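Everything on this sheet refers to the single structure shown next.
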Amino acid sequence: MPYDPATSEPRWQAAWDEAGSFRAVRDERPKYYVLEMFPYPSGRIHMGHVRNYTMGDVVARFKRAQGFSVLHPMGWDAFGMPAENAAMESGGHPRDWTYANIATMKEQLKPLGLSLDWSREFATCDDDYVAQQQALFLDMLEAGLVTRKQATVNWDPVDMTVLANEQVIDGKGWRSNAPVERRELTQWFFRISDYSDELLEALDGLEGWPEKVRLMQANWIGRSRGLQFRFDTVGAPEGFETIEVYTTRPDTLLGANFVAISPDHPLAKKLAEGDPRLIAFAEEARKTGTSEEAIETGEKLGLDTGLKVRHPLDPSWELPVWVANFVLMDYGTGALFGSPGHDQRDHDFSRKYGLPIRATFGELGMDTAAADALVADGPFVPPKTDRVTYVRGFAGPTEMTGGDAVDHAIAFAEKQGWGEGVTKYRLRDWGISRQRYWGCPIPVVHCHACGTVPEARERLPVLLPLDVSFDRAGNPLDRHPTWAATTCPRCGADARRETDTMDTFVDSSWYYARFTAPHAATPTDPAEADYWMNVDQYIGGIEHAILHLLYSRFFARAMVKTGHLPESASEPFDALFTQGMVTHEIYLTRDERGRPVYHLPESVTDGRLADGTAVEVIPSAKMSKSKKNVVDPVDIVTRLGADTARWFMLSDSPPERDVEWTAAGAEAANRFLARVWRLADEAKEGGDDPELIRAAHRAIAEVTKTIEGFAFNRAVAKIYELANTVSRSNAGGEARREVLRIMARLMAPMVPHLAEEVWAKAGGEGLVVDAPWPEADPALLADDDVTLPVQVNGKRRGEVRVPKTMSPAEIEAMVLADDSVGRFLDGRTPKKVVVVPGRIVNVVV
RNA sequence: GCGGGCGUGGUGGAACGGUAGACACAAGCGACUUAAAAUCGCUAGGGCUGAGCCCGUGCGGGUUCGAGUCCCGCCGCCCGCACCA
């Protein structure tokens, strides 16, 4: 009988279903919660999903076999812009579009045979999830975790709508193509910046997280120690006697050559009143998008206001005040001083506008002239830990590190009373207001008499109206004829609902907690949360390293504060793994104008189209519909089976790196699985093979270790080795079946359907999904002799085989007596012999 | 621009600071077959007058008995930059 996943895979899935194998239950076993980042229901699953969920499934099944009670749920991150865009483009309703997509994707996911507890499934757009999230919001409001303030948004003046950063392309609206403007709106915020210090400090405890993610978060939070002080202005309008600035490099104060303020700074607005040049400049400056990227990469522009400030260290020294487009009102004080000798941006700006550039410090031992020469063409920015010579220092010794110089400068300013040392954070409060329809309504009412009033709990949930249209731009909630009309929960007078909905990051900031009790009438059930939290292993893309994970860490703390999670769940994810993308070659030809024409993988054979035209190949590109380099998992599963797709996703590439999908690789994975199937199918007669059983136990040890270390590609390689050993072995009968049963259990987390087949054929009892993980017998792993490579001056020249127990001195004597080593000594006496027991011998001459 | 990461044969990759290239793909050769597919076996980093030697982990330096691995400086690619999810 040939290997036929199309018939066997559904059979085993039905068997698991019937046995309720993946229902998460609280019992006497230790619990293990494995979670993969839930998908956005875009319409179809893609290979990235297959990879992500296969990895999670390997962990879930492995832990299950190791005797854990496993929680492995699935849901849908279902609010968001694409649903509204679809409604705008092809009519229909975002809700229908979303639920239809969920149905399709669930259909597509099921045949993968993932060990998911589908009874816990939910979508964040479910009325119930909305209700619980609104309850959470009200709790957070009461707990003082919510605030309202002004924020800057991208405004499309033609479509009269707020744009997301990704909808701003080169400073223009994606649909209208009109230049985008920055606008101030009053918005709802979560006070995440109150937790800056805690979120930073707690990173140290996240030992199960990749170091790079912890570093990125630390840099994002951006704690800095600096000096805050005021420049006295000369002849400024009344009320602007000083300009407040914050700097992390007060040690460079004597290199200052200008002060720059934001176009939105109150002083800039005041000065603009009588100055058309300034008005025009500010208008132009506001035409950059709001993203930091756009501002930092855009051209740095400035305008001299003509106003001067006095240098705090020398009142006779006056610095010009410029308005600059790269200074944002949202950051710090909205004003800064330029230090061109030691900052790239200030250097560029100074060169562009012909401002003098002076060094504050130079390399050790430099004098003033040498230091000035050093920074003439580019800034000198050594690490703050390097010792440098201050040629224009004003506090502390001449030679010191930048870090020490900052401390001296702060102490000096404080002593003289013109500035204060301040700790600041880069992290800003989390703006959650969205002027969009397809999101969770913010449960708040605006009353003429009472102001902003939380919605009454008994009137929750505030659900979205269904009778909306998307034929016009703008927020359908805002223009709905009746929806916003309500009464004030406090005074009963006519009032208007908040029409902003929540950022979808809110939805994904607590779904992991909801999975512990998805049907509870409160956001969580304390007993369930207490049992299942924390997530033992979280798996998802590195692109979420900062925002989603930081927001989730904040939200967990907010849920602890509001009594929805136990204190121990403040850090919700014990371990994090970030997996790479699935890529595929892009095939293209050129049209008569040289523009690329993309071709689907299935229309390309051996680098040519059906008509023989050769195609250009771009390797390892992110899968994207527009580039036509997308492989549909459904096709693969239909043609080759779920196990093949899973096996291929796990082989070859390390999970944290990108993997390239190749048809040849998929075929090869399928061939291997068919070979394993045949190995199990042939009932070979024969005797024992001690080497085979040793190989099997070595494989147990290796596969266990590699799965634990998330090195699935190496686990796969070990299973290949074991299969090769089985093929070559003459063992038969029960001796062979025993090894096949070991192999079935080792493969079960990765290719669970085939593993059931092998298990059954090899006489395994019950389902392999219920079989305990095999344990390696230490007696079978030991090897008495080792082969030691022998180097002469670091180059490998031979090897010796010695008993493991041999002493270094004996090994040294043996090596020196060895001919193959002697040849390279040329009669010279070894200066030194390095013997690393069990590893290597190096003879130095 | 700023922050983070990655870079090893034709390809994906393996390698506690200790034999670079495990395992696989593609390729070539052979067996089986009327033939092909499938399957099985063998070869395989590059170079040189084959057992041997030299060179080789993006580039340039450094530390070390020994560096793909650690340090410094470049180059290239990827991720993030707060309203994509």
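Note on region A:263-287 and region A:586-620: Cα centroid distance 52 Å, given to the nearest whole angstrom. The magnitude of the dipole of region A:185-343, with charges of +1 and -1 set on the Cβ of Lys/Arg and Asp/Glu and taken from the Cα centre, is near 220 debye. Averaging Cα coordinates gives a centre for region A:667-705 and one for region A:561-575; these two points are 44 Å apart. Using θ = phi - 60° in the Karplus curve 6.51 cos²θ - 1.76 cosθ + 1.60, the 3J(HN,Hα) couplings for region A:82-96 round to x, 5, 6, 4, 4, 5, 5, 7, 10, x, x, 10, x, 5, 5 Hz; x is entered for Gly and Pro.
Based on Cβ point charges of +1 for Lys and Arg and -1 for Asp and Glu, what charge dipole magnitude is obtained for chain A about its Cα centre, in debye rounded to the nearest 20? All intermediate terms of the calculation are to be shown ahead of the outcome.
Working: 95 positive and 124 negative charges, 173 e Å.
My answer is approximately 840 debye.
Each residue of region A:146-163 was assigned a 3J(HN,Hα) from its phi angle through the Karplus expression (A = 6.51, B = -1.76, C = 1.60, θ = phi - 60°), giving 10, 8, 10, 7, 6, 8, 8, 10, 7, 10, 8, x, 8, 6, 6, 8, 7, 10 Hz with x at Gly and Pro.
Applying 0.36 nm per residue to the separation of residue A:608 and residue A:691 and subtracting their alpha-carbon distance, the gain on full extension is 25.1 nm.
Just report the Cα centroid separation between region A:218-240 and region A:801-845, whole Å. If you average the Cα positions of each part, the centres end up 67 Å apart.
Look at the alpha carbon pairs under 8 Å that are at least 6 residues apart: their mean separation over the length of region A:146-228 gives a relative contact order of 28 percent.
The 3J(HN,Hα) values that the Karplus relation (6.51, -1.76, 1.60; θ = phi - 60°) gives for region A:216-233 are, in residue order, 4, 5, 4, 5, 5, 5, x, 5, 9, 9, x, 10, 10, 7, 10, 8, 7, 8 Hz. Gly and Pro appear as x. Give me the Debye-computed log₁₀ of I(q)/I(0) at q = 0.11 Å⁻¹ for chain A, equal point scatterers on Cα only, no solvent, two decimals. At q = 0.11 Å⁻¹ the computed log10 ratios are -1.33. For chain A, the relative contact order is 13 percent, taking Cα pairs closer than 8 Å that sit 6 or more residues apart in sequence and dividing their mean separation by the residue count. Rg/Rh for region A:537-661 (Cα atoms only, Rh after Kirkwood) is 1.17. Subtracting the Cα-Cα distance of residue A:543 and residue A:420 from their residue separation scaled by 0.36 nm leaves 40.5 nm.
Residue ranges A:756-763, A:174-181 sort as A:756-763, A:174-181 when ordered by packing (mean number of other C-beta atoms within 10 Å per residue, highest first). Along the axis of the charge dipole computed for region A:68-222 (Cβ charges of +1 for Lys and Arg, -1 for Asp and Glu, origin at the Cα centre), the listed residues A:97, A:160, A:144 are led at the positive end by A:160.
Between A:647, A:487, A:379, the Cα set farthest toward the positive side of the dipole of chain A (charges on each charged residue's Cβ, about the Cα centre) is that of A:379. Working ranking of peptides A:247-258, A:478-489, A:557-568 by packing, defined as the average number of other Cβ atoms within 10 Å per residue, highest first, is A:247-258, A:557-568, A:478-489. Between residue A:244 and residue A:450, what FRET efficiency follows from the Cβ-Cβ distance if R0 is 45 Å, with the result rounded to 0.05? It comes out at approximately 0.80.
State, as an integer percentage, the relative contact order of region A:708-845 based on alpha-carbon contacts under 8 Å between residues 6 or more apart.
17 percent.
Could you give the length gained on full extension between residue A:204 and residue A:277, defined as 0.36 nm per residue of separation minus the Cα-Cα distance, in nm?
Details: separation 73, 0.36 × 73 = 26.28 nm, distance 5.05 nm.
Between residue A:204 and residue A:277, full extension yields 21.2 nm more.
List the lysines whose alpha-carbon lies under 29 Å from that of residue A:270, not counting same-chain residues fewer than 8 positions away? Straight-distance partners of residue A:270: A:149, A:172, A:287, A:300, A:308, A:352, A:424.
How would you rank A:446, A:599, A:72, A:347, going from fewest to most other Cβ atoms within 10 Å of each one's own Cβ? Don't skip to the answer; put the middle values down first.
Details: A:446 16, A:599 19, A:72 26, A:347 23.
Fewest-to-most Cβ neighbours within 10 Å comes out as A:446, A:599, A:347, A:72.
Other residues with beta-carbon under 12 Å from the beta-carbon of residue A:538 carry, at +1 per Lys or Arg and -1 per Asp or Glu, a net charge of -3.
Using the Cβ of residue A:165 as centre and a radius below 11 Å, the other residues enclosed give a net charge of -3, where K and R count +1 and D and E count -1.
Taking the number of Cβ atoms within 10 Å of each Cβ as an exposure proxy, the fewest-first ranking of A:638, A:233 is A:638, A:233. Remark on residue A:32: its backbone amide H falls under 5 Å from those of A:69, A:70, A:71, a criterion applied only to residues 5 or more positions apart or on other chains, H modelled at 1.01 Å from N. Among A:96, A:689, a tally of other beta-carbon atoms within 10 Å of each Cβ gives an order, fewest to most, of A:96, A:689. Pairs from the list A:106/A:627; A:31/A:561; A:31/A:63 with a Cα-Cα gap above 20 Å: A:106/A:627; A:31/A:561.
With +1 assigned to the C-beta of every Lys and Arg and -1 to the C-beta of every Asp and Glu, and no other charges, what is the dipole magnitude of region A:612-699 about the Cα centre in debye, to the nearest 20? List each step's numbers first, then the result.
Values: 13 positive and 15 negative charges, 81 e Å.
In total the dipole reaches around 380 debye.
No lab work stands behind these numbers, since they all come straight from the coordinates. Keep in mind that this is a model prediction, so the values were computed, not measured. Note: ideal-geometry Cβ built from the backbone for every residue, glycine included; neighbour counts use all protein chains shown.
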